[in-house]
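Peer 1: Here it is, the structure in full.
The values are calculated or read from the model by the stated rules, or taken from the named source; none is laboratory data. Small disclaimer: the values here were computed from a predicted structure and weren't measured. No Cβ is skipped: glycine too gets one built from the backbone with ideal geometry, and neighbour counts run over all protein chains shown. Keep in mind that these areas ignore ligands, DNA and RNA; they rest on the heavy atoms of the full protein, side chains included. Shrake-Rupley method; radii C 1.70, N 1.55, O 1.52, S 1.80 Å.
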Amino acid sequence: MCPSPRVVDAFVVAEVSIPDDEAECEDCETLAAACEGECEKVPTVKFSFRKLWAYTGPGWLMSIAYLDPGNLTSDLQQGAYTNYKLLWVLWWATVLGWILQALCARLCVVTGMDLAQICYKEYPRWVRIMLFVQVEIAIIGADIQEVLGSAVALKILFGVSLPYGCLITAASTFSFLFILKFGVRWLEAFFIFFVAVMAMCFFVVWGKSDTNGPDFAQGWVLPEIQDYALTQAIGTVGAVIMPHNLYLHSGLVKSRNIDRNNPHKIAEGNYYNTLESGVALFLSFFVNAAVVVTFAVAFFQPSCAEVDGGPYGCVSQIAIDKQTQSVDTYGPCQGAHPGPHACCEIGLELAGDALHTALGGSSKYIWGVGLLAAGQAATMTTTYAGQFAMSGFFRIDMPAWAVVTITRVVAIGPACAIALAAGGNSNVSADMNEWLNALQSLQLPFALLPVLHFSNSKRVMGIFASSQVSKCIYWVIGFSICILNLYFVVQFFYLDDSTPIPHNPWIGTVVALYLAAYVFFVCAVLEGEIKAVLAFLKLREKDPPKPAFLKQPLQGKPSLLEEDVIEAIEAVNALD
């Protein structure tokens, strides 16, 4: 079946029309039958540059979240601490991000609703509130990184202190909101310009470094990971795949005016949104890789990576001495350039002076321009994601300036507190960015699992639901991320003696309660799937009890939970 059009309170008005071709489909009779639920065939789409251009925009705006200051911090630390070894993690995290973004876009194209609106429609109230809280935590965490990143860029370029830079950044976002007054295409063009500035800056800095081609290829293709790089690898996943970005992309796709009575138009929207986001994220991978390689060439030393409490980067003592406060060092090292070097943590602030010393004076300011573009552009992704979440989960159609005010008031306090605590000490902000990236990784299942839940549902997606093979692959990926996150919490709080968390019974009890709540919330999101599995197992027994809701004829359409159980019964009958 094909979902019927729904009237929704869209934040972005569907103002971009899609041009029609003379031949819309290959078999109109088959497609008409599909819309009546008589055929399972998904329409075939022929490529057209004209239509690709019409769909170009949402994916590029979404890709900015893959290039925000949190990602740049993860990139530079990945390169300086682990060399090229985790490029494969960055690549597959980007590929996984593309798959999830495509599913989000497909969800919106088929239903006419963004992810938050579907959660509102299908989940009970307490689950909706829990999901909203989780996505807001992710948004605030990302906002802190973006405020700090922009403040650091202002300090590099103009010498503005971090607290004042945070205030300037918090206020500057309001000016960007006026661009939407001119139309969504102007907004998309504006942020594509930001992506171009970032790409140009980081590629120029990359060109100044002496990249080892074979090592780059090996790090990209060969999966290997050292014990000291585990936290960095998990942080990379959290930095690349940001939970709020899934809500963002599903909302941005609503700007395209799609006829949802026509299955060919739906298939076309799925095709071009997937293609457009793939191109944008492919470029974002190379921008991130440029930062990784630049810092790997200039600052990686095995002795610093393997030191107790590490890994760390090998930075020139000249760059360290330029910091207004002392930087914690962990022994001397042999740097890639002449002069004394020391092992230390590298964050966004120290990175500018370190590049200045290693690659020349212009590198510092090129880095600063790219960082400022990343921070300023990424602030809008959290703004719009917050508005989609607020309007979708609670049916509150708040204006963008109100969302900016709320998120900025909440985020500016912690950001300024970190700036004041850091002063000129780059270790504080570097540690905080690493923790915030890990936080994004922990929040990811609360956006990922609903996406998989709905995109696999035939009732929600009709003939555009994921295939059985795709379902298996997606669920393996989803559960792998959940297990990885749980392992990270246990390793970080219980097994790693180098973390600043006190190892005592009180902290252990708090962490245990957090893990229990984490597992409970994940199970709440997956209630339908869990009951379907239990029903499947019971039905394999002899004379199983019949599910209560099947003892009487269904009234209307089954719920998602009932649908999952029905699919389990059909699976058993197929086995028999």
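Peer 1: Thinking of segment 441-484 as a set of Cα atoms, what percent of all their pairs are more than 11 Å apart?
Peer 2: Working: 601 of 946 pairs.
Summing the P(r) tail past 11 Å for segment 441-484 gives 64 percent.
Peer 1: Now, a different point. Taking the full set of protein chains and a 1.4 angstrom probe, give the accessible area of W206 in square angstrom, rounded to the nearest 10.
Peer 2: That residue has around 50 Å² of solvent-accessible surface.
Peer 1: Taking only the C-alpha atoms, wrap a convex hull around segment 149-211 and report its volume per residue in Å³ as a whole number.
Peer 2: Values: hull volume 6.2 nm³, N = 63.
Each residue corresponds to 98 Å³ of Cα convex hull volume.
Peer 1: Let me ask something else. With the Cα gyration tensor of segment 276-319 in hand, give its eigenvalues times 5 under a square root as the equivalent ellipsoid semi-axes, listed largest first in whole angstrom.
Peer 2: Numbers: eigenvalues 179, 30, 10 Å².
Largest first, segment 276-319 gives 30, 12, 7 Å.
Peer 1: Shifting gears a bit: Give, as a single signed number, the net charge of other residues whose beta carbon lies under 9 Å from the beta carbon of H356, with Lys and Arg counted +1 and Asp and Glu -1.
Peer 2: Working: positive: K322, K364; negative: D353.
Once positives and negatives cancel, what remains is +1.
Peer 1: Too long at a 19 Å Cα-Cα cut-off: which of K121/K265; K208/K364; K85/K322; K46/K471; K458/K531; K51/K265?
Peer 2: Numbers: K121/K265 24 Å; K208/K364 12 Å; K85/K322 30 Å; K46/K471 26 Å; K458/K531 17 Å; K51/K265 11 Å.
In this structure, K121/K265; K85/K322; K46/K471 lie more than 19 Å apart at Cα.
Peer 1: Considering only protein heavy atoms and a 1.4 Å probe, what is the carbon-and-sulfur percentage of the accessible area of segment 93-241? Provide the component values of the computation, followed by the final result.
Peer 2: On the way: 4020 of 5650 Å².
Carbon plus sulfur share of accessible area: 71 percent.
Peer 1: Could you order D321, D68, D210 by accessible surface area, starting with the largest, using a probe radius of 1.4 Å?
Peer 2: Values: D321 105, D68 0, D210 125 Å².
The residues order as D210, D321, D68, largest area first.
Peer 1: On a 1.4 Å probe surface of the protein chains, which of F158, F191 comes out largest in accessible area, and what is the full order? Mind showing how you got there, number by number?
Peer 2: Working: F158 145, F191 0 Å².
Largest to smallest exposure gives the sequence F158, F191.
Peer 1: From the convex hull of the Cα coordinates of segment 240-299, what is the mean projected area in square nanometres? Could you put the intermediate results ahead of the total?
Peer 2: On the way: hull surface 20.3 nm².
With every direction weighted equally, the projected area is 5.1 nm².
Peer 1: How charged is the neighbourhood of T324? Take every other residue with its Cβ under 15 Å from the Cβ of T324, and add Lys/Arg as +1 and Asp/Glu as -1. Don't skip to the answer; put the middle values down first.
Peer 2: Numbers: positive: K155, K322; negative: D321, D328, E349, D353.
After counting each charged neighbour, the total is -2.
Peer 1: If E224, E268 are ordered by their accessible area, calculated over protein heavy atoms with a 1.4 Å probe, which sequence runs from highest to lowest? Please report the intermediate quantities before stating the final value.
Peer 2: Values: E224 55, E268 5 Å².
Largest accessible area first, the list is E224, E268.
Peer 1: Please express the shape of segment 174-254 as an equivalent ellipsoid: the semi-axes are the square roots of 5 times the eigenvalues of the C-alpha gyration tensor, given largest first in whole angstrom.
Peer 2: On the way: eigenvalues 230, 82, 23 Å².
Semi-axes (√(5λ), whole Å): 34, 20, 11.
Peer 1: In whole angstrom, how long is each semi-axis of the equivalent ellipsoid of segment 52-118, when you take the square root of 5 times every eigenvalue of its Cα gyration tensor and sort them from largest down? Mind dumping the intermediate values first?
Peer 2: On the way: eigenvalues 175, 31, 25 Å².
Ellipsoid semi-axes (Å, largest first): 30, 12, 11.
Peer 1: Right, another one. Using protein chains only and a probe of 1.4 angstrom, how many square angstrom of E527 are accessible, to the nearest 10?
Peer 2: 80 Å²
Peer 1: Same structure again: With a Förster radius of 60 Å, plug the Cβ-Cβ distance of A512 and W186 into 1/(1 + (r/R0)^6) and report the FRET value to the nearest 0.05. Write out the running numbers ahead of the final one.
Peer 2: Details: r = 51 Å, r/R0 = 0.85.
So, using R0 = 60 Å, E works out to roughly 0.75.
Peer 1: Continuing with this model, one more query. Given labels modelled 7 Å from the Cα in the Cβ direction, how far is it in nm from K41 to A171?
Peer 2: Result: 6.2 nm between the two label points.
Peer 1: Could you report the accessible area of S303 in Å², rounded to 10, computed with a 1.4 Å probe on the protein chains as they sit in the structure?
Peer 2: Looks like 70 Å² after rounding.
Peer 1: While we're on this one: Considering the convex hull of the alpha carbon atoms of segment 249-388, report its projected area averaged over all viewing directions, in nm², one decimal. Intermediate results must be reported in sequence, preceding the final value.
Peer 2: Numbers: hull surface 46.7 nm².
Computing the convex hull of the Cα atoms and averaging its projections yields 11.7 nm².
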